[in-house]
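Colleague: Handing you a structure now.
Here, each number is a calculation from the coordinates, and none is a lab measurement. All figures in this text were calculated on a predicted structure; none of them were measured in a lab.
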Amino acid sequence: VYKDSRDPTPEHFRIWSTTLHGHGFTHLRTGALAPRQAAQAERAGLRCVQELALLDAEAPFSVGDQRQRTRRLRQHELDAIAAIDLAAFGATWALDAEMLADIRRATPAHRARVVDLDDRIVGFLVSGRAARTGYVQRLAVDPDVHRQGIATSLLSDSLRWMRRHRVTRAFVNTHIENTAALELYRRHGFVELPERLRVYEGALAT
């Protein structure tokens, strides 16, 4: 984990590549990088594989309708939501159960909620907050049950939670071509920011 407050340099990327290769990995993929960090990744020879729109909303949040009831995600259900994540995002971009558990630990406080239909989980959302800033970290719905208000209900629940804890600004990112997600966030008052985030990838040196 990189904990330096400065932007990583190409040398940092080379060191990480060498370390990962030593542990048997063949490729490196970054998280979503802001423009200055992305420039360093490009200098290190990594290629952009995904571009993300960054959106924010300011309090008071537009919570919208909540057609579906949500409930707390239980620890033993991480595999179930990982299966939904895979169905929603495909093998290239899906997060497994361990990664989803890491997201829950990424902020000082988090809220993980699911929606059930016919006694099975069909959607989930993990949100986080740090001080007065909120984050919509991961939202996925089973493609078989789209357009039933599940994503809207999960997002509304998340924004109500942030409002209760006096969050003043919330952020979310999504793929620039994910029209449905962009429309969902805009309906809830999120506005796309000028800067884009980028994910980079590269083969590790042998």
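Colleague: Under the Kirkwood approximation for Rh and a Cα-based Rg, what ratio Rg/Rh is obtained for the range 75-118?
Modeller: Reported Rg/Rh, Kirkwood definition of Rh: 0.98.
Colleague: How much of the DSSP bridge set in the range 124-206 is antiparallel, in percent, rounded to the nearest 5?
Modeller: 70
Colleague: While we're looking at this one, here's another question. Give me the three principal axis extents of the range 1-126 from the C-alpha atoms, as integers in angstrom, largest value leading.
Modeller: In descending order, the Cα extents are 50, 38, 26 Å.
Colleague: Using only the C-alpha atoms of the range 123-178, find the volume of their convex hull and express it per residue in Å³.
Modeller: Hull volume normalised by residue count: 75 Å³.
Colleague: Something else: Need one number for the range 64-173: average projected area of the convex hull over its C-alpha atoms, nm².
Modeller: 6.7
Colleague: Let me ask another. For every helix of n ≥ 4 consecutive DSSP H residues, a contribution of -39,500 (n - 2.57) applies; sum these over the chain, divide by its total residues, and give [θ] at 222 nm rounded to the nearest 500 deg cm²/dmol.
Modeller: Estimated from H runs of four or more residues: -10500 deg cm²/dmol.
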